Amino acid sequence: MILTQLVARLFRQWTAAGVAGAQSMPLEAGNPLTEYFFGNTGRTIHKWHDYFEIYHRHFARFRGCSPIVVEIGVAQGGSLQMWHRYFGPGTQIVGVDIDPRCRQFEDRSTTILIGDQADRRFLAEVRTRTPRIDILIDDGGHTMTQQTTTFEEMYPHIQPNGIYLCEDMNTSLIAEPRVPTRCISTTAFWS
Ligand SMILES: C[S@@+](CC[C@H](N)C(=O)[O-])C[C@H]1O[C@@H](n2cnc3c(N)ncnc32)[C@H](O)[C@@H]1O
């Protein structure tokens, strides 16, 4: 497969803004996140589609339990809508992003905090504003410094039976090339 086809295929797998690009994608039977993503007519979501099996495996036990979910990296706000639908009524979502335009996604059950995930003082403010966190998803800037700083500051703050999920660790290695690049894992979980 030539490079442009490969890039186009990867991009289609990564982003679903609506049903048009989704029709050729396989549906993982019984996974509500996969079905939501490929049928999405709401705001754009940026996710690798093979993450959905992993999310559902670890997050399903929180559905219907009104969890408090923090997602670092809001972008167009599509994943916040997806998490609300997936976890159900009563869920509180806290979206964190460095881009102040993300404030537009705030509503009664969605809080948006604007700041840099590599700034420890800002992360202390996130802890103060969010005294309980059941699930934290790091889908922010994806550099190693951002991911490790966020982990150091936020992991001890997660509920004992909670989940800390860090996406796209491969881009962390690309962004800081002095680090050896043999590691190819892209997602990590701690609970
Ligand atoms: C991959 S997008 C998030 C996608 C979104 N979670 C979704 O699934 O649709 C990454 C986001 O991280 C934000 N970001 C980049 N650097 C950041 C930083 N240092 N602190 C907080 N957010 C950052 C960007 O502004 C961007 O909106």
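None of the figures in this text is laboratory data; all of them are computed from the coordinates on show. The shown structure was predicted, so the numbers you read here are calculated from the model rather than taken from an experiment. Using ideal geometry, Cβ is built from the backbone for each residue, glycine included, and neighbour counts are taken over all protein chains shown.
Residues of the range 79-101 that are under 11 Å from the mean Cα position of the chain (by Cα), more than 7 Å from the ligand (Cβ to nearest atom) and part of a strand (DSSP E or B): GLY95 alone. Out of all the residues in the range 70-78, is one or more more than 10 Å from the ligand (Cβ to nearest atom) and either among the β-branched types (Val, Ile, Thr) or in contact (Cβ under 8 Å) with a residue 60 or more places away in the chain (or both)? Checking the range 70-78: at least one residue is more than 10 Å from the ligand (Cβ to nearest atom) and either among the β-branched types (Val, Ile, Thr) or in contact (Cβ under 8 Å) with a residue 60 or more places away in the chain (or both). The set of residues in the range 121-146 that are more than 10 Å from the ligand (Cβ to nearest atom), without any contact (Cβ under 8 Å) to a residue 40 or more places away in the chain, out of contact with any Asp or Glu (no Cβ under 6 Å at 6 or more places or on another chain) and within 23 Å of SER172 (Cβ to Cβ) comprises ARG121, ALA124, ARG127. In the range 69-78, what residues are small (Gly, Ala, Ser) and not in a loop (DSSP other than H, G, I, E, B)? Once the filter is applied, which keeps residues that are small (Gly, Ala, Ser) and not in a loop (DSSP other than H, G, I, E, B), the range 69-78 yields only GLY78. Do we find that GLN104 is within 12 Å of the ligand (Cβ to nearest atom) and more than 19 Å from LEU165 (Cα to Cα) in this structure? No; evaluated as a whole, the condition is false for this residue.
Residues checked against (1) crowded, with 20+ Cβ neighbours inside 10 Å; (2) within 18 Å of LEU165 (Cα to Cα):
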| position | (1), (2) |
| --- | --- |
| TYR36 | no, no |
| THR44 | no, no |
| TRP48 | no, yes |
| GLY73 | yes, yes |
| MET82 | yes, yes |
| GLN92 | no, yes |
| ASP99 | no, no |
| SER109 | no, no |
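Taking the range 123-143 as the range and being outside any strand (DSSP E or B) and surrounded by 17 or more Cβ atoms within 10 Å (Cβ to Cβ) as the test, the residues that pass are LEU123, VAL126, THR130, ASP139, GLY140, GLY141, HIS142, THR143.
Please go through the range 35-53 and pick out each residue that is within 14 Å of the ligand (Cβ to nearest atom) and β-branched (Val, Ile, Thr). Within the range 35-53, THR44, ILE45 qualify.
Any idea which residue in the range 104-122 is farthest from GLU71 (Cα to Cα), counting only those that are within 17 Å of the chain's Cα centre (by Cα) and either hydrophobic (A, V, I, L, M, F, W, C) or part of a helix (DSSP H, G or I) (or both)? Among those that are within 17 Å of the chain's Cα centre (by Cα) and either hydrophobic (A, V, I, L, M, F, W, C) or part of a helix (DSSP H, G or I) (or both), it is ALA118.
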